[in-house]
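Q: This is the structure I have questions about; it appears just below.
The values are calculated or read from the model by the stated rules, or taken from the named source; none is laboratory data. These numbers come from a predicted model, not from an experiment. Cβ placement follows ideal geometry from the backbone for every residue including glycine, while neighbour counts extend to all protein chains displayed.
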């Protein structure tokens, strides 16, 4: 695997749209060609090299390409958007839409990210060592389909509206979650190892939520059905099992009604 190092030398005054920073766009290019890739600061189109020093050439394919970003990327959006393979390492913080619509590969953020990261995600792995903002793994605004596959792992806490319209994939949150988790969920799994503020699983018809801590304001649409022992994220524990959201219409499979599952750790 070949490595391309992008070092931020000229931080943007506005937010920088960095959707071309993917192994797919870098593969097969020399350093000078990578520096010539388009980025946008507001309405101004510029070359990537205007902001980043570029070292190294891309691999022959996206799968053979690794990108390392150095410097404070708090104002750089859309890194890894729609990537299909390869690896990206962000050695600090990053802005919004990191890993949006990604289909494969891995992104590792060694800091915090802002909102809308991993939206519409179909595959791959997004690892965040810090905290994430709002709408993590959710649907884009105006769309009804959110995360469909892949894995998002956040070591810290997350904002509100995580996994809205989730259809598949897994989100693991090491800390706490704000309000609205898996709203309108139709599949997938969300694991919260801290506490949840409330409104967990509202209008959810399918999928799984695990909460290791407390839910501040549980929804009345979930009914307790018993206790179960399950292995979750490599750890076996006992959970209280709820089904819901009972206020919604639910599909049937083999003559049985399908419900969403909410598990709280005992």
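Q: Can you find a residue that is crowded, with 20+ Cβ neighbours inside 10 Å, under 22 Å from residue 110 (Cα atoms) and out of contact with any strand residue (DSSP E or B) (no Cβ under 6 Å at 6 or more places or on another chain) anywhere in region 148-156?
A: yes
Q: Does residue 209 fit the bill of being assigned to a strand (DSSP E or B), in contact with a strand residue (DSSP E or B) (Cβ under 7 Å, 6 or more places away or on another chain), crowded, with 17+ Cβ neighbours inside 10 Å and touching a residue at least 12 places away in the same chain (Cβ under 8 Å)?
A: Working: assigned to a strand (DSSP E or B): yes; in contact with a strand residue (DSSP E or B) (Cβ under 7 Å, 6 or more places away or on another chain): yes; crowded, with 17+ Cβ neighbours inside 10 Å: yes; touching a residue at least 12 places away in the same chain (Cβ under 8 Å): yes.
So residue 209 fits the description; yes.
Q: Kindly establish whether residue 179 is touching a residue at least 12 places away in the same chain (Cβ under 8 Å), crowded, with 24+ Cβ neighbours inside 10 Å and more than 15 Å from residue 107 (Cβ to Cβ). Spell out the reasoning first.
A: Working: touching a residue at least 12 places away in the same chain (Cβ under 8 Å): yes; crowded, with 24+ Cβ neighbours inside 10 Å: no; more than 15 Å from residue 107 (Cβ to Cβ): yes.
Criteria not met by residue 179.
To keep it simple, each residue is scored yes or no on (1) in contact with a strand residue (DSSP E or B) (Cβ under 6 Å, 6 or more places away or on another chain); (2) in a loop (DSSP other than H, G, I, E, B); (3) over 18 Å from residue 177 (Cβ atoms).
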site: 101; (1), (2), (3): no, yes, yes
site: 122; (1), (2), (3): no, yes, yes
site: 136; (1), (2), (3): yes, yes, no
site: 141; (1), (2), (3): no, yes, yes
site: 160; (1), (2), (3): no, yes, no
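Q: Right, another one. Just for region 14-51: of the residues that are in contact (Cβ under 8 Å) with a residue 40 or more places away in the chain and over 25 Å from the mean Cα position of the chain (by Cα), which one is surrounded by the fewest Cβ atoms within 10 Å (Cβ to Cβ)? Can you show your working first?
A: Initially, region 14-51 is screened for residues in contact (Cβ under 8 Å) with a residue 40 or more places away in the chain, giving 14-19, 21-24, 26-27, 48, 50-51.
This time we only want the ones that are over 25 Å from the mean Cα position of the chain (by Cα), so: 50-51.
Numbers: 50: 14, 51: 23.
Step by step, filter region 14-51, then rank; the result is 50.
Q: Can you name the residue in region 130-147 that is surrounded by fewer than 24 Cβ atoms within 10 Å (Cβ to Cβ) and at pLDDT 95 or above and, of all such residues, is farthest from residue 206 (Cα to Cα)? Spell out how you get there, then give the answer.
A: Filtering region 130-147 for residues surrounded by fewer than 24 Cβ atoms within 10 Å (Cβ to Cβ) gives 130-131, 133-134, 139-145.
Now drop any that are not at pLDDT 95 or above, which leaves 130-131, 133-134, 139.
Details: 130: 29, 131: 27, 133: 24, 134: 22, 139: 16 Å.
Restricting to residues being surrounded by fewer than 24 Cβ atoms within 10 Å (Cβ to Cβ) and at pLDDT 95 or above, the top hit is 130.
Q: Please go through region 81-111 and give me each residue that is under 12 Å from the mean Cα position of the chain (by Cα) and within 20 Å of residue 141 (Cβ to Cβ), ordered by number.
A: Listed by number, the residues that qualify are 81, 96, 97, 98, 99, 100, 101, 102.
Q: So how many residues does region 212-240 have that are surrounded by 17 or more Cβ atoms within 10 Å (Cβ to Cβ) and assigned to a strand (DSSP E or B)?
A: First, the residues of region 212-240 that are surrounded by 17 or more Cβ atoms within 10 Å (Cβ to Cβ): 212, 215, 218-219, 221-222, 232, 239.
Next, from what is left, pick out any that are assigned to a strand (DSSP E or B): 215, 232, 239.
So the count comes out to 3.
Q: Only one residue in 80, 100, 105 is farther than 20 Å from residue 174 by Cβ, buried (at least 18 other Cβ atoms within 10 Å of the Cβ) and in contact (Cβ under 8 Å) with a residue 60 or more places away in the chain. Which one? Full working, then the answer.
A: Values: 80 fails: in contact (Cβ under 8 Å) with a residue 60 or more places away in the chain; 100 fails: in contact (Cβ under 8 Å) with a residue 60 or more places away in the chain.
The match here is 105.
Q: Checking the conditions here, which among 191, 166 is in contact with a strand residue (DSSP E or B) (Cβ under 6 Å, 6 or more places away or on another chain), within 24 Å of residue 102 (Cα to Cα), touching a residue at least 40 places away in the same chain (Cβ under 8 Å) and assigned to a loop (DSSP other than H, G, I, E, B)? I'd like the intermediate steps shown before the answer.
A: On the way: 191 fails: assigned to a loop (DSSP other than H, G, I, E, B).
From the options 191, 166, the qualifying one is 166.
Q: Give the residue that is surrounded by the most Cβ atoms within 10 Å (Cβ to Cβ), with candidates limited to residues of region 197-206 that are touching a strand residue (DSSP E or B) at 6+ places or on another chain (Cβ under 8 Å) and on the phi > 0 side of the Ramachandran plot.
A: We begin by selecting, within region 197-206, every residue touching a strand residue (DSSP E or B) at 6+ places or on another chain (Cβ under 8 Å); these are 197-201, 204-206.
Now restrict to residues that are on the phi > 0 side of the Ramachandran plot: 198-199, 201.
Details: 198: 16, 199: 20, 201: 31.
Looking at residues that are touching a strand residue (DSSP E or B) at 6+ places or on another chain (Cβ under 8 Å) and on the phi > 0 side of the Ramachandran plot, I get 201.
Q: Another question, then. List every residue pair whose Cβ atoms sit under 7 Å apart, with the two residues 6 or more apart in sequence or on different chains, where the first one lies in region 216-242 and is in contact (Cβ under 8 Å) with a residue 40 or more places away in the chain and at positive phi and the second, anywhere, is surrounded by 13 or more Cβ atoms within 10 Å (Cβ to Cβ) and assigned to a strand (DSSP E or B).
A: 233/172; 233/191
Q: Hey, another quick one. Applying the selection to region 124-134, what residues are in a loop (DSSP other than H, G, I, E, B) and either closer than 23 Å to residue 86 by Cα or touching a residue at least 60 places away in the same chain (Cβ under 8 Å) (or both)?
A: 124, 129, 130, 132
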